[in-house]
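The values are calculated or read from the model by the stated rules, or taken from the named source; none is laboratory data. Only a predicted model underlies this, so the values are computations on that prediction, with no experimental measurement involved. Positions of Cβ are generated from backbone atoms using ideal geometry, with glycine treated the same way; all protein chains shown enter the neighbour counts.
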Amino acid sequence: MNCRAGCGACCVAPSISSAIPGMPEGKPAGTRCVQLGQDNLCLIFGQSGRPRVCGSFQPNTETCGSDSFEAMKILDALEEITRGR
């Protein structure tokens, strides 16, 4: 599966504990990444400052569903399940 352009769910729903340019402490779940553009595309895609966790995320139907709304629901649920681990 290819990433859906303009989705951005993976840049909002999950928490990211590593530093992101403009967010040195990472980001909490449900918070929009400062590097997510108005078009919901990553502003630092392919750059060295992009967190490794972001680069290793592989879109698939189990995590991204059939549309961006479903992706947000799934990723929110996964974040809740893994919180505190």
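Overview of results
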item	result
Checking K27 against (1) touching a residue at least 40 places away in the same chain (Cβ under 8 Å); (2) in contact with a Cys (Cβ under 6 Å, 6 or more places away or on another chain), the condition it does not meet	(1)
Condition check for S48: within 14 Å of C3 (Cα to Cα), at pLDDT below 95 and among the small types (G, A, S)	no
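Here is a yes/no grid of residues against (1) more than 13 Å from the chain's Cα centre (by Cα); (2) in contact (Cβ under 8 Å) with a residue 12 or more places away in the chain:
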position: R4; (1), (2): no, yes
position: G8; (1), (2): no, yes
position: D39; (1), (2): yes, yes
position: S48; (1), (2): yes, no
position: C54; (1), (2): no, yes
position: S68; (1), (2): no, yes
position: A71; (1), (2): no, yes
position: L78; (1), (2): no, yes
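Conditions (1) of a type outside the set (D, E, K, R); (2) touching an Asp or Glu at 6+ places or on another chain (Cβ under 9 Å); (3) closer than 15 Å to A13 by Cα; (4) loosely packed, with under 11 Cβ neighbours inside 10 Å, marked per residue:
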| site | (1), (2), (3), (4) |
| --- | --- |
| R32 | no, no, yes, no |
| G37 | yes, no, no, no |
| V53 | yes, no, yes, no |
| D67 | no, no, yes, no |
| D76 | no, no, yes, no |
